[in-house]
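K.L.:
Have a look at the structure that comes next, please.
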Amino acid sequence: MTKKLLLIDGNSLAFRAFYAMYQQLDRMVTPEGLHTNALMAFNNFLESIVLPMQPDFALVAWDAKSGKETFRGDLYADYKSGRDKTPVEFKEQFPYLREMVLAHGLHNYEQNGLEADDIIGTLSREGEKAGDDVIIITGDQDLTQLATDKVTVKITKKGVTQIEEYTPAYIQEKFGLTPAQIIDKKALTGDTSDNYPGVTKVGEKTALKLLTEYHDLDNLYAHVDDMKKSKMKENLIADKEVAYRAQKLATIITDADLSISLDDLAYNGPKTKGLVELFESLHFKSALAKLKAHQLVDQDDTSVEEAESQSANFHPVKELDEAALADLAKADTLAIQIDTDADNYHTADMLAFAIGNDDLGYFASRDFTWFENQTLRDLIENPEQKLRLFNAKEVWVLMHRLDLTLAGVDFDFMLVAYLLDTVGNDNVLSTLAARFGLYLPADEDFYGKGAKFAVPTDDQEVYDHLGHKAEALYGLRDKAFEELAEHKQTALYHDIELPLSFVLAKMEAQGFAVKEDRLEKMGQELDEKISQLKEEIYQIAGEEFNINSTKQLGTLLFEKMNLPVIKKTKTGYSTAVEVLEELAPQAPIVSHILEYRQLAKIKSTYVDGLLAVVDQADQKIHTRFLQTLTQTGRLSSVDPNLQNIPMRTEEGRKIRHAFVPSHPNWLIFGADYSQIELRVLAAITGDPNMKKAFMEDEDIHAETARAVFGLKADEPVDANHRRTAKAVNFGIVYGISDFGLSKNLGISRKDAKSFIETYFKEFPKIHGWMEQIKEQAHKDGFVETIEHRRRYLPEINAKNFNRRSFAERTAMNSPIQGSAADIIKIAMIKVDQALTKEGLQAKMLLQVHDELVFECPKEELEQVRKLVTSVMDSAVSLSVPLKVEDHAGPTWYEAK
DNA sequence: GAAATCACG
DNA sequence: ACGTACGTGATTTCC
């Protein structure tokens, strides 16, 4: 029987624990004055992660107290220097952390001259030799170098209870490196947190490229002379010693002389008495209560769980077999459920699937080779077999990964539930089913969340879980459809959202091709500018500080430099752009900070952020569009968000140069609705003045200015007047208030109020509609779009003025924003159909609220232009024309 | 894990 | 008098 050895990096986890609950720091103090936030989080970690693991051996390794006296300190004097002092509130918790480890039945170990890493490295190799399964838990990515087939490194992602598992395969997939190459990567790049340098100008990306080409450091230097002349080559040669020193610093020792061995690490579970004493001394009341409750349960023989599982009235779930599949293949209607181990279904592992109906029963399997079976393949691809499921877009993508094209979806409960009510929708099957009185165990409870996520070892448990979900989906359909009909939303579902799901699925799977080298080059240029700016800022400030820290920046600007405080936040001084722009004329440092902020944002979110999500298999970015999230009917985009790629500043906009067509001689083509929200407003309200402006294709903001400022039709409009009118138009769309407008324009509330009054006089039907929609919201509790998309406003009758006012503005905004969303969704479906019908190769890639982005062969451009713009401007028929503008070019940069 | 900031429509 | 413009997502700090 293979033994399980658990090795925990105490320092790094305790550190994470401290900051995971940092905001609780002041609240979590014992009467004796001891801070307990890290202890609390560490205890949660031990209970939720370690306890369920049931290791045979377990150790928590700690860094030696006399920190610097390791061989690394001898090798490089500045090793780990420049770190901030450990806060006393954290330090004082250390002795208790060690006690806690013991009470939970684990062992502590530390040794002079060694860091926790080295202890873990040495023991993991020993465990491996003994044939054990080794699990390392840490917050430090450096330890991934220890991963092997027998050694898994688990790294905390967020706090201490969400964990990512690094196997050699996963490391290869994520970094493109073997565990051993992780060391050489650090040899080349150095490590800023441990404060040692690598080769000059070599960062993450360059290192990766070099290692891909030369495999390791020795081989690289063996061939360095053959490299073609470049600055990088010179740097590599000049910094050879630095690189080898960094390699030594980065290498975790795996053969240290320890005074313990595996046999000393036996784990026999928590020691109740020790825990009780510890919790009492730390005043951990709830942990204590839980502990006592558990002791009671343990003595009780009747199993609560068993009683519960029998009470639910589900069909038994059987393992799928050939005979069952043959029967299922003949069914008209089936429910299907597939579970994955992560949200991102483009990359997640598929865990299990279930399929069935109430007549034939439900069948499940964890074996995805079933999808090589022709009977099952036909079933998935047969449009005549009606499927009931949860999240058709996800299932389409999962099937696509198995080379199948999902067809025949009849009921997508996720979509229907979203259309019925967006409020409080968490997109979780169990909670949405509960709205219909059907109670299922939540995935989060079944699998655990974050670090606790684990698939039960008993397959039957998993089959039951999925089978019951499938059965729920099967049963929910009729009632859910009935409610849709009551809402007059049947067409919205059948003709818009469901077909859109598949359009979006195709777009996601298609992906947007990205030139990594362009992003990398931008990243290097940005890095140079950023470090220059940093130097200048430090120079002017007369000290070094973390410019990213609003707290430190606030101290500098408002305490040391005594600049006027313009705005405060909940926690201190505001250093937001508006504030800094106002301060810029008074202190030259401020404009440097503004520039630094801008560039740092571009570098971290867009250059680094996007590079991190490029699919290495096809050099593309595959976002996920969330179709059931927003309260208005818009889409959102995650992992990464491709709906907020910079546009407004030239510096940021350059990011779009990296977004390119996926074939040579193709182009990026963009088409966007001009002023769609104001056109929708004009159409919905029927206001004659605003309609006229659009029907005559006038500049709407200029026309608004003419109306509000009483100018004649042919009188030129002053830029300032136009700017004001534009702000009022925006305000109208957002659900106008004099306060908001005055703030936006920097004018008095009185002036803002009079602008609004004049506006409503000039556009009387807009005013009438605003009043009417608010009244309707108060009466019905919801508002609707042109396609009967509904938004409930539970706070429309709130006593609290703020809440009620917010609901009223929402009542005015949602039909406008939501109807615009309806229109572009309809356009997307029609464009997709038209492209197919015309046999064009062009592919739709993105939707950005009022804009669609495509790639197409150069030769198709004219045809695609005509087709897309005409489909878009005739997507729906309004009493106001829709206008579409388009742009094309070799990259996304030019296509807007 | 909340708050601040900033990117988009 | 109340005090905010509408809808999103990602990164960073906190030390």
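The values are calculated or read from the model by the stated rules, or taken from the named source; none is laboratory data. Quick caveat, the model's predicted, so the values are computed rather than measured. Ideal geometry is used to build each Cβ from the backbone, glycine not excepted, and the neighbour counts take in all protein chains shown. Areas reflect the complete protein model, heavy atoms only, side chains present, ligands, DNA and RNA absent. Shrake-Rupley method; radii C 1.70, N 1.55, O 1.52, S 1.80 Å.
K.L.:
Provide the packing ranking of A:730-737, A:883-890, i.e. peptides ordered by the mean count of other C-beta atoms within 10 Å per residue, highest first. Before the final figure, lay out the partial values.
P.N.:
Details: A:730-737: 20.1, A:883-890: 16.8.
Peptide ranking by packing, descending: A:730-737, A:883-890.
K.L.:
Sort A:376-382, A:581-587, A:117-123 by the packing proxy (mean of other Cβ within 10 Å over each peptide's residues), most packed first. Display every interim value, and only then the final one.
P.N.:
Working: A:376-382: 16.7, A:581-587: 14.3, A:117-123: 25.6.
Sorting A:376-382, A:581-587, A:117-123 by mean packing, highest first, produces A:117-123, A:376-382, A:581-587.
K.L.:
Rounded to the nearest 500, what is chain A's calculated 222 nm mean residue ellipticity when only DSSP H runs of at least 4 contribute -39500 (n - 2.57) each, over all residues? Write down the numbers at each step before the final one.
P.N.:
Working: 37 runs with 415 residues, N = 896.
After summing the helix terms and dividing by residue count, I get -14000 deg cm²/dmol.
K.L.:
A follow-up question, please. Counting other Cβ atoms within 10 Å, keep those with at most 15, restrict to DSSP loop, and tell me which GluC sites (Glu not before Pro) in the stretch A:384-453 are left. Intermediate results must be reported in sequence, preceding the final value.
P.N.:
Details: sites: A:Glu384, A:Glu394, A:Glu444; in loops: A:Glu384.
Within the stretch A:384-453, the qualifying GluC sites (Glu not before Pro) (loop, at most 15 other Cβ atoms within 10 Å) are A:Glu384.
K.L.:
In whole Hz and in residue order, list the ³J(HN,Hα) couplings for the stretch A:787-800 that follow from phi through the Karplus curve 6.51 cos²θ - 1.76 cosθ + 1.60, θ = phi - 60°; x for Gly and Pro.
P.N.:
Rounded to whole hertz, the list is 9, 6, 6, 10, 10, 7, 10, x, 9, 5, 10, 4, 5, 5.
K.L.:
Please name which of A:Asn689, A:Trp62, A:Gly839 has its Cα lying farthest along the dipole of chain A towards the positive end, using unit charges on Cβ (Lys, Arg +1; Asp, Glu -1) and the Cα centre as origin.
P.N.:
A:Asn689
K.L.:
Sticking with this one: With a 1.4 Å probe and all protein chains left in place, how much accessible area per residue does chain A have, in Å²? Walk me through the numbers on the way to the answer.
P.N.:
Numbers: 42450 Å² over 896 residues.
For chain A, the solvent-accessible area averages 47 Å² per residue.
K.L.:
The stretch A:1-60 to the stretch A:87-143: how many Å between their Cα centroids?
P.N.:
Spelled out, the Cα-based centre of one part sits 11 Å from the other.
K.L.:
Towards the positive end of the charge dipole of the stretch A:579-670, with charges on Cβ (+1 Lys, Arg; -1 Asp, Glu), say which of A:Gly633, A:Gln616, A:Tyr596 has the farthest Cα.
P.N.:
Going by the Cα projections, it comes out as A:Gly633.
K.L.:
Have a look at A:His35, A:Ala811, A:Phe368 and report the one farthest towards the positive end of the charge dipole of chain A, computed about the Cα centre with Cβ charges (Lys/Arg +1, Asp/Glu -1).
P.N.:
A:Ala811
K.L.:
Angle, helix A:240-250 long axis vs. longest principal axis of chain A, Cα atoms, 0 to 90°, nearest 10?
P.N.:
Helix A:240-250 and the main axis of chain A meet at about 80 degrees.
K.L.:
Report relative contact order for the stretch A:77-192 in percent, whole number only (criteria: Cα-Cα under 8 Å, sequence separation at least 6). Mind showing how you got there, number by number?
P.N.:
Working: 96 pairs, mean separation 16.9, N = 116.
Over the stretch A:77-192, the number comes to 15 percent.
K.L.:
Another one. Would you please name the trypsin sites (Lys or Arg not before Pro) within the stretch A:502-610 that are DSSP coil residues with at most 12 other C-beta atoms within 10 Å of their C-beta? Before the final figure, lay out the partial values.
P.N.:
Details: sites: A:Lys506, A:Lys515, A:Arg518, A:Lys521, A:Lys529, A:Lys534, A:Lys551, A:Lys560, A:Lys567, A:Lys568, A:Lys570, A:Arg597, A:Lys601, A:Lys603; in loops: A:Lys515, A:Lys567, A:Lys570.
Counting only loop positions with at most 12 other Cβ atoms within 10 Å, the trypsin sites (Lys or Arg not before Pro) in the stretch A:502-610 are A:Lys567, A:Lys570.
K.L.:
Which far-off residues, 5 or more places away or on another chain, put their amide H under 5 Å from the one on A:Leu177, with H placed in the peptide plane?
P.N.:
When sequence neighbours closer than 5 places are left aside, the close amide H contacts are A:Gln172.
K.L.:
In sequence order, what are the phi-derived ³J(HN,Hα) couplings for the stretch A:494-501 according to the Karplus relation 6.51 cos²θ - 1.76 cosθ + 1.60 with θ = phi - 60°, rounded to whole Hz, with x for glycine and proline?
P.N.:
Computed from phi, the couplings for the stretch A:494-501 are 6, 9, 10, 5, 5, x, 4, 3 Hz.
K.L.:
While we're looking at this one, here's another question. If you find the alpha carbon centre of the stretch A:737-760 and of the stretch A:629-646, how far apart are they in angstrom?
P.N.:
Comparing the Cα centres of the stretch A:737-760 and the stretch A:629-646, I get a distance of 30 Å.
K.L.:
Return the whole-Å distance between the Cα centroid of the stretch A:808-851 and the Cα centroid of the stretch A:161-237.
P.N.:
One Cα centre to the other: 44 Å.
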